[in-house]
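In what follows, a single structure is set out as structure tokens and then discussed.
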Amino acid sequence: MATQLAGQIFAGTIEEIASAGCKVVTGGGHAVAVFYHDGQVHAVDNRCPHMGFPLDRGSVSGGILTCHWHHARFDLASGGTFNPFADDVRSFPVTVVDGQVWVDPRPTERDDVAHWTGRLRDGLEHNIRLVSAKSVLGLHAAGADYRVPLRIGADFGTRYTSEGWGPAMTILTATANILPTLAEDDRPLALYQGLLHVSRECAGRPPRFVVDPLPTGETRPEIFKQWFRNFIDVRDEDAAERCLRTAIELGLPRRDIADMIFTASTDHIYLDAGHTLDFANKAFELLDHIGWEHASQTLTSLVHGMARARRSQELSAWRHPIDLASLVWQAREELPALCEAGRGAVVWDDANALAREMLGESPSDIIDAIKRAIRSGASAEQLGSAVAYAAFLRMAHFHISNEFGDWDTVHNTLTAANALHRALERAPSVELLRGVFDVAMSIYLDRFLNMPAQRIPETGPDPVVGNAALTELGDLMNVRQQVEEVSHLVSRHLTGAGDRDALLAALGHAMLAEDAGFHSFQIVDAGFGQYRARRGAESGRHVLIGMARYLAAHAPTSRSVGQTYQIALRLHRGEEIFREP
């Protein structure tokens, strides 16, 4: 035998390898498949990068190595794959000395962040969820900031659908919002699920082409605001998009851009059942994560939906048997005077009481209560908080004698109320405040879902602490319709000495364990945010009970999304997926 080459593995003689066709050697933490083909010796990682099948059990023909489990194909010389669902297999340098084959077990160095960034784009483009899951895990292990996959998903989701901003982009933003509340191990899972929804929603759709800005000398924010509102009003989305793009590129203040969009979103009553305002709010929240430099691409994606949104004053439910639309229009006209009257008022602090008045049976009384609050000095944020709390109370009181689909009716109002609250915090204005009347009337319309009203659990002496909450909650979520049991568990935890953060993480984990959709991500995001503002208060307990009841009603599911992620996680850890029968 020749003198051993430092740091290299002896694989055998060329004759031995040629006779066997392939030989597996180990070293440096790798199992390496050494092939003799067409007069050349090649060495690659014996673990197929798709799902870990041993490549020495594959076949080589014409310089192509084919895995015999899912037929992923690789260039034997370089390890490069021909199939997007797989990945390049690591290749190893080979040295032949006096007919003896030595393998360097140190694969060529690579930039893991760059590699997994490219693979994530492949997963999104081809809608391959295993690739997306592997990529998120790879980026997480490489120490990449969560904004790396988030920016990739945001760019892809706002570029590769002509429909513009939709549910998937809202889900992606919600995942970013809830990450700090989740357990560490659940954070890549949440990002993966958000990205998966983006990939699905964009699959097969034509791209969106962003318009160029105007060659204009106009720079006044109030003019752009009026232009934009007019174009949305007449459903001229091309003109509205160019107006918005110009305002952003001119560098108008972010507050003015938000005011433009939020005002146009409330010029008509309750656009698209609150989705228009919700999407707009989420777009700004996304920019909080990825940076304002992405504003043009992100915010212009809202225009298509804004211009085509359904206007609730056109719906019979808002006209008969009570003309709610006319009540709202009248209240809107009074808003400037009401706000002016409230400027010098004493400090107002009756948001929870106002929320309960919003659950009343008389729409005119509800509107009058809101007017009194404004006249008494209620701030925009307080009014937003009141409608959000009222909407969560509807959910907490939702009785399971209702049809299953009615969960979504009360849910839509809830997420619209949360969006209004967040928007009022970001860019309060008299125009945006109109949305308080809109959402309050939607809460009124949902009153039949509290007939009878489900009782909210009372405070209890037996707390559920730490991991016990996760275990018990998980057990309950494995059985259908454990709505009341889950609400009691949450109440016991919050009224005892239980760890609040552990409970929030457990609720987030429960949602991610399911094949969670648009509404589940929305309500968890809204619930976490509203609870943080009410932590330790009775209203905070009601918020989490309402959120938990919705999650329990929608579990268990088939959980196929989680299965794919678990496969990716096991592969990431180096575990075996393929096992002999």
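The values are calculated or read from the model by the stated rules, or taken from the named source; none is laboratory data. Treat the numbers as computed from the prediction; the structure is a model and nothing was measured. Because the Cβ atoms are built from the backbone with ideal geometry, glycine has one as well, and the counts that use them run over all protein chains shown. Just so you know, the surface numbers come from the protein's heavy atoms only, side chains and all, with ligands and any DNA or RNA stripped out. Shrake-Rupley method; radii C 1.70, N 1.55, O 1.52, S 1.80 Å.
Key figures
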item	result
Matching residues, segment 334-383, being in contact with a Phe, Trp or Tyr (Cβ under 9 Å, 6 or more places away or on another chain), under 30 Å from Pro452 (Cβ atoms), of a type outside the set (Ser, Thr, Tyr) and in a loop (DSSP other than H, G, I, E, B)	Met358, Leu359, Gly360, Glu361
So Ala502, is it among the small types (Gly, Ala, Ser) and part of a helix (DSSP H, G or I)	yes
Condition check for Ala11: open to solvent by less than 30 Å² (accessible area, probe 1.4 Å) and closer than 20 Å to Ile64 by Cα	no
Condition met for His304 (under 21 Å from Gly194 (Cα atoms) and touching a helix residue (DSSP H, G or I) at 6+ places or on another chain (Cβ under 8 Å))	no
Residue in segment 508-545 that is surrounded by the fewest Cβ atoms within 10 Å (Cβ to Cβ), counting only those that are over 20 Å from the mean Cα position of the chain (by Cα) and not hydrophobic (A, V, I, L, M, F, W, C)	Gly536
Leading residue by the ranking (modelled with the highest pLDDT) among those in segment 14-30 that are open to solvent by 70 Å² or more (accessible area, probe 1.4 Å) and not in a helix (DSSP H, G or I)	Lys23
Tabulated pairs, segment 391-408, first over 14 Å from Ile545 (Cβ atoms) and open to solvent by less than 10 Å² (accessible area, probe 1.4 Å), second at pLDDT 95 or above and part of a loop (DSSP other than H, G, I, E, B), C-beta under 9 angstrom, 6+ apart or interchain	Trp407/Phe398; Trp407/His554
Qualifying positions in segment 288-324 - surrounded by 15 or more Cβ atoms within 10 Å (Cβ to Cβ) and not in a helix (DSSP H, G or I)	Ala309, Arg311, Leu315, Ile322
Among the candidates Val131, Val198, Val113, Val136, residue that is closer than 30 Å to Ala533 by Cα, part of a helix (DSSP H, G or I) and either touching a Cys at 6+ places or on another chain (Cβ under 9 Å) or of a type in the set (Val, Ile, Thr) (or both)	Val198
Every residue from segment 130-172 that is of a type in the set (A, V, I, L, M) and either surrounded by 23 or more Cβ atoms within 10 Å (Cβ to Cβ) or within 14 Å of the chain's Cα centre (by Cα) (or both)	Val131, Ala133, Val136, Leu139, Leu150, Ile152, Ala154, Ala168, Met169, Ile171, Leu172
Residue match in segment 204-217 (condition: within 28 Å of the chain's Cα centre (by Cα), under 30 Å from Gln313 (Cβ atoms) and part of a helix (DSSP H, G or I))	no
Counted residues, segment 287-315 - those being at pLDDT below 95 and farther than 24 Å from Asp267 by Cβ	0
